[in-house]
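Presented below is the structure to which this report refers.
Please treat every number below as a calculation from the coordinates, not as lab data. Please read all numbers here as calculations on a predicted model, not as lab measurements. All Cβ positions, even for glycine, are placed from backbone atoms using ideal geometry, and neighbour counts span all protein chains on display.
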Amino acid sequence: MKIAISSILLLFCIVIGAQTDPKIYDIIAAVSEERLKNDVQTLADFGTRHTLSDTISNTRGIGAARRWIKSEFEAISKECNNCLEVFYQSNLVEKGTNQRIVKDVNVVNVVAIQRGTTYPNRYIIMSGDIDSRVSDPNDYTSDAPGANDNATGMAGAIEAARVLSQYKFESSIVYLGLSGEEQGLFGGQGFSKYAKDQNWQIIGVLNNDMIGNIAGVDGVIDNRTFRIFSEPVTTDETDPIKLIQQAKARRFYGGEVDGISRQLARYVYTTTKTYMPEMNPMMVYRLDRFGRGGHHRPFNDLGFASIRIMEAHENYTQQHQDIRTENGIAYGDTFEHVNFPYCKKLTAVNTITMASLASAPPAPDQVGIGGIVEASAKLQWNTVEGAKGYKIYWRDTTSPTWNHSRYVKDVTEITLEGIVIDNFFFGVAAVAENGYESLITFPNKILR
Ligand SMILES: [Zn+2]
């Protein structure tokens, strides 16, 4: 009887094409709340990690903090036969660059690369921030523990390295600590330029900024919901003519809500729904919070897919605040406000997304679409080496997520009979032998 049930289940799985990998559940379980707690405590205990703070002391300031982060990555690397390449990447930012740079400062990022076995030059990146601040952005001596903002994101990246370094992946994974965020996103600017100069093929950047608060300033307490911010389309500032052409094309062919960062956001959403169904991922269709910024933006500026992952309910009395008590409210971004079970879950969201993307083939880079004044839509794409098949996705134009799909093998074109091109948006992903899928490519060519 037992056998019969399991074979029915197996058949069911094959029929609906649902593929989940037991390894991903192990990767969720391996994320340690205890280690996240220790690391956030250690980072908060550096007193301040302000970008302009002391760099000489071994106990206080951003210098001590970055040396500790580097030494943690090196310790993790030792445990996996030196599987991580650990180094500093830095840029000098001169006094007066903006009002928050009151002296020359070397903005130093800490980088750990877990090299991919098949696609060493393709990278999926998880970033957190090293730096912190208090009420006055230029006060670089007062205590700024920055426990939630953003020791949580930094600790998450370190913990992700501990977990994922136990496995091998086809594409490279980067665990990244960025500095200079609060002074004007300088670390992200420096690092994204470095990656571009090195010709990195970036699959995407998961920027984690504040992943530990569950009690909102509005009184809502919620340990299941988190936000995924993504800009609508790429606004690569380096090529204004291309931008105008793309905007014109979108008027006629669509794509206003289908930029590369949006596809990355949808991937995080779907992966979470598949493997962590208790969570409630919330896609927010904007670059970041209203008028605010984060370290994913400099990557967007250079044309890379990059999103922000963060808590759903913020508490502004605990962000960028001098530590004090006023009218009975304890202001300041201190350790005791961080919720570690939640921080663990959001770290796991990152690890499963990176494990999946780093196990998948590249997305098709050419996807053509046709079917104007016809009853059926046609799609055509380039062969992706390493792909076993392809998944054609489509959705209602008002749907935030890809709701329909069809898996195909041994072909690079398809006609979707009876599916009228006008009424849906379409995309194509490459699928590996192991079932892992690439990001979805929105059509970038019209078939006549
Ligand atoms: Zn901040």
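Taking amide hydrogens as placed 1.01 Å from N in the peptide plane, the amide H of N315 sits under 5 Å from those of V217, each at least 5 positions away in sequence or on another chain. Extents of the stretch 34-164, largest first, come to 45, 32, 23 Å (Cα atoms, principal axes, whole angstrom).
The tail of the calculated P(r) for the stretch 399-448 beyond 16 Å holds 48 percent of all Cα-Cα pairs.
Around G96, under 14 Å between beta carbons, what's the net of Lys plus Arg minus Asp minus Glu among the other residues? Mind showing how you got there, number by number?
Working: positive: K95, R100, K103; negative: E94, D104.
Charge balance in the 14 Å sphere: +1.
The stretch between I56 and Y25, if pulled fully straight at 0.36 nm per residue, gains 6.9 nm over its current Cα-Cα span. Between the residues A30, I130, T117, the greatest Cα displacement towards the positive end of the dipole of the chain, with unit charges on the Cβ of Lys, Arg, Asp and Glu, is found for T117.
Which whole-number percentage describes the relative contact order of the stretch 208-275, with Cα contacts under 8 Å and a sequence gap of 6 or more?
33 percent
If R0 equals 60 Å, the separation of the Cβ atoms of I329 and Y407 corresponds to a calculated FRET efficiency of about 0.65.
Straight-line reach from K168: taking Cα to Cα under 23 Å and skipping same-chain neighbours fewer than 8 places apart, the lysines in range are K23, K70, K78, K344, K345, K388. With a simple spin-label model that places each label point 7 Å from the Cα along the Cα-to-Cβ direction, the separation between S399 and D236 comes to 2.9 nm.
When only alpha carbons are used to place a centre, the stretch 395-448 and the stretch 290-362 end up 31 Å from one another.
For the stretch 212-284, a Kirkwood radius taken over Cα pairs fed into Stokes-Einstein (10 °C, viscosity 1.306 mPa s) yields D = 109 µm²/s.
Counting other Cβ atoms within 10 Å, keep those with at most 16, restrict to DSSP loop, and tell me which GluC sites (Glu not before Pro) in the stretch 257-359 are left. Please report the intermediate quantities before stating the final value.
On the way: sites: E278, E311, E314, E326, E336; in loops: E278, E314.
Sparse-neighbourhood loop GluC sites (Glu not before Pro): E278.
By the rule of a C-alpha distance below 17 Å, with chain neighbours fewer than 8 residues away ignored, the lysines paired with K378 are K391, K409, K445. Once C-alpha pairs closer than 8 Å and six or more residues apart are averaged by separation and normalised to the residue number of the stretch 45-90, the relative contact order reads 24 percent.
List the relative contact order of the chain as a percent without decimals, with contacts defined as Cα pairs under 8 Å and 6+ residues apart. Before the final figure, lay out each step's value.
Working: 1039 pairs, mean separation 71.1, N = 448.
The normalised contact order for the chain reaches 16 percent.
Taking 1 over the mean of 1/r across every pair of different Cα atoms in the stretch 184-241, what Kirkwood radius in Å do you get? Working shown, then result.
Numbers: mean 1/r = 0.0669 Å⁻¹.
The Cα-based Kirkwood calculation yields 14.9 Å.
Normalising the Debye intensity of the chain to I(0), with uniform scatterers on Cα atoms only, and taking log10 at q = 0.14 Å⁻¹ returns -1.31.
All alpha carbon pair distances within the stretch 151-258 were sorted into 5 Å bins beginning at 0; the resulting P(r) in whole percents reads 2, 8, 12, 16, 18, 16, 12, 9, 6, 0.
Rounded to the nearest 500 deg cm²/dmol, what is the calculated helix-only ellipticity per residue at 222 nm for the chain, with -39500 (n - 2.57) per DSSP H run of length n ≥ 4?
Working: 11 runs with 136 residues, N = 448.
Roughly -9500 deg cm²/dmol at 222 nm, from the helical runs in the chain.
Grab the Cα-Cα distance for Y285 and T141, subtract it from 0.36 nm times how many residues apart they are, and report the gain in nm with one decimal. Write out the running numbers ahead of the final one.
Numbers: separation 144, 0.36 × 144 = 51.84 nm, distance 3.71 nm.
Roughly 48.1 nm would be gained on extension.
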